[in-house]
Structure formats: C-alpha cells, structure tokens
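Comments concern the structure below.
The values are calculated or read from the model by the stated rules, or taken from the named source; none is laboratory data. Please read all numbers here as calculations on a predicted model, not as lab measurements. Cβ: placed from backbone, ideal geometry, glycine included. Neighbour counts: every protein chain shown. Ligands, DNA and RNA are excluded from the accessible area calculation, which covers all protein heavy atoms including side chains. Shrake-Rupley method; radii C 1.70, N 1.55, O 1.52, S 1.80 Å.
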Amino acid sequence: MATLLDAAERPRRRLTPKIDFGKASLYLSGLVILLIALAAIFAPLLAPYDPYAQDLLRRTFPPFWMEGTDHAHWLGTDHLGRDYLSRLIYGARISLTIGFVTALVSGFIGTALGVTAGYFGGRVDAAISFVITARLAIPVILVALAVVAMVGSSFEIVIAVLGLLLWDRYALVMRAATQQLRGRDFVLAAQIQGASHWQIVRHEILPNIVPPLLVVMTVEIAQAIMLEAALSFLGLGVPAPLPSWGLMLQEGKANVLFDPWLITIPGAALFTLALVDKGYP
Amino acid sequence: MLTYCSQRAVSALLLMLLISLVAFFLIFASGDPAVKIAGEAGTAADADRIREALGFNRPLAVQYLSWLGHLLTGDLGRSIYFNQPVATLIADRVSTTLTLSVSAMLLAVAVALPLGIAAARWQDGLVDKLVLVFAAVGQAMPTFWFALLMIIAFSVNWQILPTSGSETWLHFVMPSLALAYFAMPTMLRLTRAGMIETLEADYIRTSKAMGIPASLILFKYALRNAVVPVVGVSAAQFGSMLAGSIVIESIFALNGVGRLAFESIQRSDLSTVQALVLCFSFVYIVLTFLSDLLNAWIDPRMRSIYGNPA
C-alpha cells in the first residue's frame, strides 16, 4: 500500500532545468508598458506630424511594408491625409489618460463601498452587497452608450461615465480583503485601545489592502481602455477629431475592403496594450 | 432548499425593482428628455408638445409608477420611432440574438472545456502554456477588432463568408466566433483551475490507487466537481454576451436586439432604450438566479453558504 501511495505522490521529475519564463515575460511587458507611457508623455516630441493636420492630396497612403508607400509617413495616412503614426502616438495619450483617471474614480468608489461593507459587516454589508449585485446586473456598454448619447460625447463625459460604472470589481475585492483583516489581532488591538472606526480604517485596514487594490487597478485600467475604444468605435465615445484608437478603427472601418491596415494598426496597438497589461509577453 | 429558493427569489425581485429605477431615470441623464427627442432642429414649442404627448409634464414619481404599472401588465412602452409597442420590436428580433448568443455559448463551452481539462491534465507542460496564451490573447483582443480582422480574412481576402445580414447560417459564423472568443477565456481558466484543484484532492488519489482508469477519473470523477463554478460563470457570461451583441450585431448588421438597442440610442428613441436596459438586466438577473439554484442543486454545500445573506 505504501508503495502505491508513494507512486501517486511522487513528483514528476524535470529533466531540463526550468527557465523562469514568467519573470522574463513580466519584465518584457513592463518594458512595453513603459515604452507606451513614454510615447504618450513625449508625444509632441516623438510624433513626426501634427495628428490633426489634414492633407487631402495625400490620403490613405499605405505603411512602409506595403507597395506605394510614402517614406515621409511610416505608417501611412488616413482617409483625411493625417499622419497615422502621429495619430497612433497621440492616441496612446487618450487611452492611458482614460485608463488611469477612470481607475482613480472607480477605484475610489469601489474601495469606499468595499471597505465599508467589509468593515462593518451585518446589515451595512448586506445593503452594499445588494448595490454591487445591482451594478453587476446593469449592462455597462448599453448604459454608457445611452448616457453619452444623451449628455453629449466628450473626453470628460466618457471618463465620468466609465468611472461611475466600473467600480464593481474594486468593491468585491476590497470587501473580501477587509473582511479578512477585520478579525486580525492588530485590528482588534486598535479597537481595544479605543481607536475610532475611521482611525482603524485609515491606519490598520487601508495600508494592508493596497497590494490587492493595485492588482485590481491594472486589470481595470485595461478594461476602461477597451470600453473607451468600443464606445468610440460605435461613435459614442470621445469625439472626432481626437486620435482615439477606437475612433481610428471606426474611421478606418469604411475602408476595410481596400485599406485593411487602417484597421490592423490601431487594433494591434490596443491589443498590445491589453496583453502587456495582463503581464504576458 | 425551499427556504433557499424563496430567499433568492425575493432578493432577485428587489434587484429588479432597483434596476427599474435605474432604467427609468436613465433617460433623464440629459436633463430634459423632451428636448432630446425634439432634436437639435426642434423648437421649444415642439418640446412642449412632446412633453404633453408623452406625459413628461407629470411629476416624476407619477411617471415612474405609471411606467412600472404598465410593466407589470407586460407593457414595455411604445417606440416613438417605429410607433409600435417595444415588446413587438423585441419579439421580432429576439430569435436573431438568441441564435447568435446560444451558438457563441456552445462554441465557447466546446472549446473551453476540453482545453481547460487538457491544460490541467498536463499542468505546466507545453499544452498548458499554449492554452494559457490562447486564453490571454482572447482576453486582450478587443471583440470588435477581432470581428473586423475576421472580415478582412474571410470576406475580403478569401471571400468565403458574408459580411452582413442574417439570411443563412453562414451569416452567423463570424459573429458567433467573435462573441465566443470573448466569452471563452474566463470559462477556460475556471475549468483549468477547478480541474487542477480537484485532481489534487484525496479522493482522486484514492481512485488512482485503486487502479481506476485515468480517463474515467479525469472525465467522470474530477470533471463533475470542477465544472460547478463554470456553470455559475457561464450564466454571467451569457448576460455579458447579450451586451457584447450590441457591438457585434452592429458590425455584422444582424437585425437583433443588440442592434435595436444601439440604433434606438442613436435615434433618441428613449422609451425603447429604457425598455431594453430593463430587459438586458432582467435576463442577467434571471440567469444568475437560475444558476444559483442549479449550483445549490448540484452541490448542497452552496445552500448553507449563501442561505443567510446577512
């Protein structure tokens, strides 16, 4: 019997030493995020042209790897003759700003709700959990589209709408994290010493929920960027002529039959940003 | 089980009430819906007439209660664009959306389950790594971009699939694929995680020791337990697929509920938007309710965990 159990428990032997691909890909994705962020920050220095300057005589030039390219425009020009590379670089600004600011707004709402629910428990928790469930039942994209259509599309409106909608995951994770901390000795000790609820939350709970908060934030930044792109793609996100990647896709869609690169380039940028955000190579 | 059912039902009903408030007040986001309906060319007199005709001049509470009262009798309101009951509009289009989402769901399950099992079976191996990359790509891929890439490949380059319309089953291939790839990664990851956890359980080791064939252990004893969380998530994924159908149906010009929602938003057909927000949410609530019951039925332990919401 002993041998059987041993056989079942024996770890599979590795013949080759394991290279830590996980760490390598993490560094790689961090590098790519850094590059995109630098491109966004230094866009005016990096972009070869004004992203809004139209040149109707130089419309839909293809990028450098295709025939008929114009070497003055590496990634070609769009249907209005605007330099595609410049628009792509400035587009990184829009995506990252929307991602970060939305994450700040929704992170604040979600953390406030989650910590309150997890800290007080009982009826407070039941009430807040109910609100979270209600939020989960609401179709985000439909409500976001409707509100943007009614209030009017602008950069700020998109951020506000996404920020007010995307707090559910923060609330869920922060609630669970606070629940785990609530019964720990150091929290109870602070309570016995007569610390107020606010002091306990401020000094004992909040510093300890920062790591999970940051994890949720990275996921949610990508989520907000994707949603902005989807809204802009449907024409109800940031307004033209802002060089949002989603808007570039929408503008390129009409020419998909003849100039597919108008679609592949901004889409690839979005895809890369989302992929590296998840820590994949 | 009966107590559990009724508790869940009551909370689902309360949830629907809350959502109805959200859906109703959504159209007041712009301030005055009458001005919005009148459009940019509309005059103040137009807006007044609309206010009168659609009852926007009544107190909000009265408007809400009358709207709610109509809902309870199954009246979702009238579309001001089509001048038809919204219920009729939805009924005409629901089969398209259902065909799309059900086929996408089946596709997603058909891919996620075997790949998830394979990844867990050969954990950390090459298969596992490839499967995880496949899932990560699906999660990072914007659905609408994937749809456009498929159009470029299948319609423009190879010309084997139609780009728009819903006449034949061929019209549903690309939309279903796009939605399926969007829903698949979560299910795949859950299947994999569930299988890995179950395969480490004592009863699996015991079964191995007793000499039960590996395939029987994998598919019969392990899968049955690993699949429980997948059921719950599938219901939620189905709900988000309906939301995804807004984008996908617009791209492929499928005349379904999602496209109706998007076009109603563009046309400021506010009563239709209200009704559709409500319907999308209700479908989600009903699905999660059913999946809770299903989970409780499969696994009696769930009843005690969620039995007391406090």
Check on A:L236, at pLDDT below 85, facing another protein chain (nearest Cβ under 8 Å) and assigned to a loop (DSSP other than H, G, I, E, B)
no
Which condition does A:P207 not pass, out of (1) in contact with a helix residue (DSSP H, G or I) (Cβ under 7 Å, 6 or more places away or on another chain); (2) open to solvent by 20 Å² or more (accessible area, probe 1.4 Å); (3) not polar (S, T, N, Q); (4) not in a loop (DSSP other than H, G, I, E, B), if it passes all the others?
(1)
If you scan the stretch A:239-272, which residues turn out to be more than 8 Å from chain B (Cβ to nearest Cβ) and of a type in the set (A, V, I, L, M)?
A:A240, A:L242, A:L247, A:M248, A:A254, A:L262, A:I265, A:A268, A:A269
All but one of (1) of a type in the set (D, E); (2) under 21 Å from A:P241 (Cα atoms); (3) outside any helix (DSSP H, G or I) hold for A:D70; which doesn't?
(2)
Condition met for B:L106 (closer than 25 Å to B:I248 by Cα, more than 13 Å from every other protein chain (Cβ to nearest Cβ), open to solvent by 70 Å² or more (accessible area, probe 1.4 Å) and in a helix (DSSP H, G or I)):
yes
Of the criteria (1) within 14 Å of another protein chain (Cβ to nearest Cβ); (2) in contact with a helix residue (DSSP H, G or I) (Cβ under 8 Å, 6 or more places away or on another chain); (3) at pLDDT below 80; (4) surrounded by fewer than 14 Cβ atoms within 10 Å (Cβ to Cβ), which one B:A38 fails
(4)
All conditions in (1) more than 23 Å from B:W145 (Cβ to Cβ); (2) open to solvent by 10 Å² or more (accessible area, probe 1.4 Å); (3) touching a residue at least 40 places away in the same chain (Cβ under 8 Å); (4) at the interface with chain A (Cβ under 9 Å from one of its Cβ atoms) are true of B:R205 except (3)
Does at least one position in the stretch A:203-217 carry a residue that is away from every other protein chain (no Cβ under 12 Å) and in contact with a Leu (Cβ under 6 Å, 6 or more places away or on another chain)?
yes
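For every residue, the table says whether it meets (1) on the phi > 0 side of the Ramachandran plot; (2) free of Cβ contacts under 8 Å to residues at least 40 places away in the same chain; (3) surrounded by fewer than 17 Cβ atoms within 10 Å (Cβ to Cβ).
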{"position": "B:L89", "(1), (2), (3)": "no, no, no"}
{"position": "B:V94", "(1), (2), (3)": "no, no, yes"}
{"position": "B:L98", "(1), (2), (3)": "no, yes, yes"}
{"position": "B:D124", "(1), (2), (3)": "yes, yes, yes"}
{"position": "B:S166", "(1), (2), (3)": "no, no, no"}
Taking the stretch A:130-149, which residues are in contact (Cβ under 8 Å) with a residue 12 or more places away in the chain, surrounded by 20 or more Cβ atoms within 10 Å (Cβ to Cβ) and more than 21 Å from the chain's Cα centre (by Cα)?
A:A149
Would a scan of the stretch A:167-184 turn up a residue that is open to solvent by 20 Å² or more (accessible area, probe 1.4 Å), among the hydrophobic types (A, V, I, L, M, F, W, C), within 13 Å of chain B (Cβ to nearest Cβ) and in contact (Cβ under 8 Å) with a residue 24 or more places away in the chain?
yes
Of all residues making up the stretch B:144-162, the number that are surrounded by 14 or more Cβ atoms within 10 Å (Cβ to Cβ) and in a loop (DSSP other than H, G, I, E, B)
2
Which numbered condition in (1) farther than 30 Å from A:Q223 by Cα; (2) in a helix (DSSP H, G or I); (3) open to solvent by 20 Å² or more (accessible area, probe 1.4 Å) is the only one that B:A222 fails?
(3)
Which of the following residues is closer than 21 Å to A:F120 by Cβ, within 19 Å of the chain's Cα centre (by Cα), at pLDDT 90 or above and assigned to a helix (DSSP H, G or I): A:R175, A:R169?
A:R169
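Rundown of residues vs (1) modelled with pLDDT of 80 or more; (2) under 30 Å from B:M184 (Cβ atoms); (3) assigned by TED's automatic domain parsing to the domain that holds B:G138, yes/no style:
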| position | (1), (2), (3) |
| --- | --- |
| B:A12 | yes, yes, no |
| B:L18 | yes, no, no |
| B:R78 | yes, no, no |
| B:Y81 | yes, no, no |
| B:A110 | yes, yes, yes |
| B:L113 | yes, yes, yes |
Residues of the stretch B:163-213 that turn out to be part of a loop (DSSP other than H, G, I, E, B) and either over 24 Å from B:S245 (Cα atoms) or out of contact with any Leu (no Cβ under 6 Å at 6 or more places or on another chain) (or both), as a count:
11
Given the options B:A243, B:A235, B:A261, name the one that is more than 28 Å from A:V151 (Cβ to Cβ), of a type in the set (G, A, S) and within 12 Å of another protein chain (Cβ to nearest Cβ).
B:A235
Take the residues of the stretch B:133-143 that are of a type outside the set (S, T, Y) and either at the interface with another protein chain (Cβ under 7 Å from one of its Cβ atoms) or open to solvent by 20 Å² or more (accessible area, probe 1.4 Å) (or both): which is farthest from B:M241 (Cα to Cα)?
B:V133
B:A53 - would you say it is buried (at least 18 other Cβ atoms within 10 Å of the Cβ) and out of contact with any strand residue (DSSP E or B) (no Cβ under 6 Å at 6 or more places or on another chain)?
no
